[in-house]
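Student: My questions will all concern the structure given below.
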């Protein structure tokens, strides 16, 4: 008798009985930036406020899926980092709440994000989209360095370009939306299909192409320039190009989850993450994004947004579900299976 | 029967009257609930009814009281059984209904009935008291069912079946139902079948365009092709290794065994990364063959070939673990009988030994097939444009267009494939008997392999083992170089940043990986024994007992294995985030997810091993007066040494290395190693990922050796040496 009980009861007892502690000065953070940056943020916040932070790193897609699934009884208080689109989706679905943070010192693109979302999400950093090529591979194969988006259709790059699939990657969706805003929809798709002839693989993850370019698995990659700077500064032979036609950018964001259990600490976190002193430290962990507070210091290696020709990226339009679905299904039809050179 | 019923009634009453009804915020193991005996903050059901007018808790308690009355009444066995069944069904029904009716913050159903009452504020999830009450109802039910049967019905067996069904129901069917419902969601938020069918059968999923011209096949077709190839490949390799390990006098068996176990303890992505560094366009082998033979550097690795190669590397060990128990178990007396009748070694092998290994072959293939279908890490790293269901499902959930409904439909497709494979396996095994461990005396010499087969085995296994070894050397090497694949200067910084310790001011673990490392080990060591126990008990019930709905029962235990981890992860969040069962954010949810995901391996291994044990062993034990429980413990369990070991090792290792299910279940307080590693890989910090993986591999190796010591080796026969004609005289002398 007793042994049988052991199985049934232990399992059930175990199962239902352990609940996390929610004391007053605690904060649960899901972080969608790089691990080392997340660690730095947590350490700084704990030191400054004494709040005990529990942090887990998840990619933006995973974080959004979890916030959605937990919406009735959220276990996360604040979602920090990661590209702005999913934060905007969360805001429009009512999954996040306004933080009421003061935005006077923030740069335009950051305030813009806050305005679109009724204050539910705020921009913390920005990074421009760009090209990178492996200089060793390029000279070995006697290829010319690309300078513009349109250079990529050149047949000399056949099988040498790698970019992510916009169906799975926010980075690649930003690229798609940038092309549409730069060239108009029809021309954008024909250009993408032409570039597609040279693409060797549409990767799942947005940061994969640049890593492949760094290691020489592909010659040219499309992705965010701050990722490329980080790879180049860690020793890979990558050269970064800001395309001559101009380019789009992402804005990383922070949001407080709706029904957060530790609202006060969450607000402190948002305040802390916009503080110039905090933002200026990001370079310590090789995060070369441009910080959103005008008083923060920008790392010299960071891609200088002032010298890059940036388009006036329309987050409201291209972040909306309708536009997104339309563009993606057209991408599937026109670009995905385009014949290769 | 009355005594047992009384015991369970008292157990339930303790839960209802003394222990806290609701889940506690600081957890069971804080033992603050002990104070509940006096502290009003942790009220039992009885206190809740009396003092806080939680009248909806009355009916279950009334049912419990009715149970007490029933055993007091002078009634026949049948009458009492019926009463117990009625009482327990009603009681558990009331507990479940109230749990779902009143949610965390407000009532969910019966709104008009509950309006304005104390239910308006909602209630937390079920706690220890509620669990005890439900358990008592469950066992009263099984006692009742046993009482209705003729003859000496076995309460232990029925209780066991009841327990497993309940657990599988709560932790497999309940969450999965949440996700499957979304498969039938229509675009406007309603439910309907038409969209489901059009999506299920769509050409995007089942397309066959790759057969004509240069089109692309649908992920379902790709998955089936890959899984079949992997299933066949791993089974053959597993058989080869098992034959070498048991039927030859190969000298480096031990080394071979370690090599076959290595891939199973390797965290995801690592094999893929190593393959890229060997065979990628900038890989070592590619560079050499370019320099030496002028073979053009190409990207052949990305796509089917790469995924297939890495899956063979990853899953051969599972086939090996299943096969070795079975190959060992084939009784020498059968083989000797065959040889006495002048069959050659080759004939004996193909016509006696091999058919007797069928359960092993079938189970190994099924595991390989399903593992390949559900595999997520390898296709993600090496898949290129070769899309399979598991990755499609993942990106349907987390991609730029998050569409849970599409993910659920693809999940159904995957499930269909698994069911088909499962039925196919059943058909192939048929109804033959594979029992060869009979308890009768036999001489204990398995026949050796004929030399052709032996060399064929060596030719396959040795190059494969060398290849595996090279891949692992690359991995270890990678953890010590600065920038893997580019700057190959020696460094220790990856290890220091992950597992650094500082000694000043006491020992401090400053490395960034310590937290997740310790959590991972804790969770894996709790989950492993529970998983093995659950899996083997289920196998015992399946092999040794006959009951209605057995096939369905068997399939349901395989279900969670068949469903892709990502879907399991999401379904657990959906099901266990709100009362009545609130588990998200705890370590418990990870343990449970691992238990029910990895249990099928224990079940398959247990079934394969147990179908070799002749039923006369059980019967002998029962005849001598032992009950089922004693028989299981004293006769069956000791003969299942390898199966227990395999189940323990597998569940421990899987808890450490699985990634797709845990991605959604890890929380800030309970982060797992794989989720940490995946983050580093995403970031291109390969050195750190590899260093962490190396530490995990060493940890798991140590754990496996420890387990092997604890479980010990089963001794089927006095002497298990392999027969070998040249050495026969020596063997005979040794036997004397």
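Student: If we scan region B:675-695, do we find a residue that is closer than 24 Å to residue B:175 by Cα and out of contact with any helix residue (DSSP H, G or I) (no Cβ under 7 Å at 6 or more places or on another chain)?
Tutor: Yes, because at least one residue in region B:675-695 is closer than 24 Å to residue B:175 by Cα and out of contact with any helix residue (DSSP H, G or I) (no Cβ under 7 Å at 6 or more places or on another chain).
Student: At pLDDT 85 or above, in a helix (DSSP H, G or I) and more than 14 Å from chain A (Cβ to nearest Cβ): does that describe residue B:11?
Tutor: no
Student: Inspect all residues belonging to region B:95-110 and state whether any of them is within 13 Å of chain A (Cβ to nearest Cβ), at pLDDT 80 or above and buried (at least 18 other Cβ atoms within 10 Å of the Cβ).
Tutor: Taking every residue of region B:95-110 in turn, at least one turns out to be within 13 Å of chain A (Cβ to nearest Cβ), at pLDDT 80 or above and buried (at least 18 other Cβ atoms within 10 Å of the Cβ).
Student: Then there's this: Would you check which residues across region A:230-240 are at pLDDT below 90, closer than 15 Å to residue A:135 by Cβ and crowded, with 22+ Cβ neighbours inside 10 Å and list them?
Tutor: Matches in region A:230-240: A:231, A:236.
Student: Can you tell me which condition residue B:616 does not meet? The list is (1) closer than 22 Å to residue B:328 by Cβ; (2) modelled with pLDDT of 80 or more; (3) in contact with a helix residue (DSSP H, G or I) (Cβ under 6 Å, 6 or more places away or on another chain), and all the others hold.
Tutor: (3)
Student: Residues that are more than 14 Å from chain A (Cβ to nearest Cβ), at pLDDT 85 or above and surrounded by 15 or more Cβ atoms within 10 Å (Cβ to Cβ): does region B:422-439 have at least one?
Tutor: No, region B:422-439 has no match at all.
Student: What number of residues in region B:384-403 are in contact (Cβ under 8 Å) with a residue 60 or more places away in the chain and more than 8 Å from chain A (Cβ to nearest Cβ)?
Tutor: 8
Student: Can you name the number of the only condition in (1) assigned by TED's automatic domain parsing to the domain that holds residue B:240; (2) in a helix (DSSP H, G or I) that residue B:385 fails?
Tutor: Only one criterion in (1) assigned by TED's automatic domain parsing to the domain that holds residue B:240; (2) in a helix (DSSP H, G or I) is unmet by residue B:385, namely (2).
Student: Give the number of residues within region B:659-683 that are surrounded by fewer than 24 Cβ atoms within 10 Å (Cβ to Cβ) and out of contact with any strand residue (DSSP E or B) (no Cβ under 7 Å at 6 or more places or on another chain).
Tutor: Selection size over region B:659-683: 4.
Student: If a residue counts only when it is assigned by TED's automatic domain parsing to the domain that holds residue A:43 and within 29 Å of residue A:95 (Cα to Cα), which helices (runs of 4 or more DSSP H) contained entirely in region A:212-282 have at least 2 such residues?
Tutor: Hits in region A:212-282: A:263-274, A:276-280.
Every residue, every condition in (1) within 22 Å of the chain's Cα centre (by Cα); (2) at pLDDT 80 or above, yes or no:
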site	(1), (2)
B:647	yes, yes
B:658	yes, yes
B:676	yes, yes
B:688	no, yes
B:700	yes, yes
B:716	no, no
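Student: Still on this model: What is the number of the single condition among (1) buried (at least 23 other Cβ atoms within 10 Å of the Cβ); (2) at pLDDT 85 or above; (3) more than 14 Å from chain A (Cβ to nearest Cβ) that residue B:267 does not meet?
Tutor: (2)
Student: Working carefully through the options B:296, B:287, find the one that is farther than 13 Å from residue B:381 by Cα and not in a helix (DSSP H, G or I).
Tutor: B:296
Student: So which of A:243, A:276 is on the phi < 0 side of the Ramachandran plot, surrounded by fewer than 20 Cβ atoms within 10 Å (Cβ to Cβ) and modelled with pLDDT of 90 or more?
Tutor: One residue alone meets the criteria, A:276.
Student: Residues to consider are B:661, B:620; find the one that is away from every other protein chain (no Cβ under 11 Å), within 26 Å of residue B:678 (Cα to Cα) and touching a residue at least 12 places away in the same chain (Cβ under 8 Å).
Tutor: Testing whether each residue is away from every other protein chain (no Cβ under 11 Å), within 26 Å of residue B:678 (Cα to Cα) and touching a residue at least 12 places away in the same chain (Cβ under 8 Å) leaves just B:661.
Student: Further, regarding this structure: Residue check: is residue B:75 part of a loop (DSSP other than H, G, I, E, B) and either surrounded by 14 or more Cβ atoms within 10 Å (Cβ to Cβ) or touching a residue at least 24 places away in the same chain (Cβ under 8 Å) (or both)?
Tutor: Considered against the rule, which asks whether it is part of a loop (DSSP other than H, G, I, E, B) and either surrounded by 14 or more Cβ atoms within 10 Å (Cβ to Cβ) or touching a residue at least 24 places away in the same chain (Cβ under 8 Å) (or both), residue B:75 comes out as yes.
Student: If I ask for residues that are more than 8 Å from chain B (Cβ to nearest Cβ), in a helix (DSSP H, G or I) and free of Cβ contacts under 8 Å to residues at least 40 places away in the same chain, which ones from region A:33-73 would you list?
Tutor: Matches in region A:33-73: A:42, A:43, A:46, A:47, A:63.
Student: Could you list all residues from region A:291-318 that are touching a helix residue (DSSP H, G or I) at 6+ places or on another chain (Cβ under 8 Å) and not in a loop (DSSP other than H, G, I, E, B)?
Tutor: Passing the criteria: A:291, A:293, A:315, A:316, A:317, A:318.
Student: Of all residues in region A:184-208, which are modelled with pLDDT of 90 or more, within 12 Å of chain B (Cβ to nearest Cβ) and surrounded by 24 or more Cβ atoms within 10 Å (Cβ to Cβ)?
Tutor: Matches in region A:184-208: A:199 only.
Student: Given the structure, is residue A:82 at positive phi and more than 8 Å from chain B (Cβ to nearest Cβ)?
Tutor: So residue A:82 passes the test.
Student: Which condition number in (1) under 19 Å from the mean Cα position of the chain (by Cα); (2) under 30 Å from residue B:108 (Cβ atoms); (3) within 12 Å of chain A (Cβ to nearest Cβ) is the one that residue B:531 fails?
Tutor: Exception for residue B:531: condition (2).
Student: In region A:311-325, which residue that is surrounded by 13 or more Cβ atoms within 10 Å (Cβ to Cβ) and within 14 Å of another protein chain (Cβ to nearest Cβ) is farthest from residue A:246 (Cα to Cα)?
Tutor: The selected residue is A:325.
The values are calculated or read from the model by the stated rules, or taken from the named source; none is laboratory data. Please read all numbers here as calculations on a predicted model, not as lab measurements. When we count neighbours, we look across all protein chains shown, and the Cβ atoms used for this are built from the backbone with ideal geometry, even at glycine.
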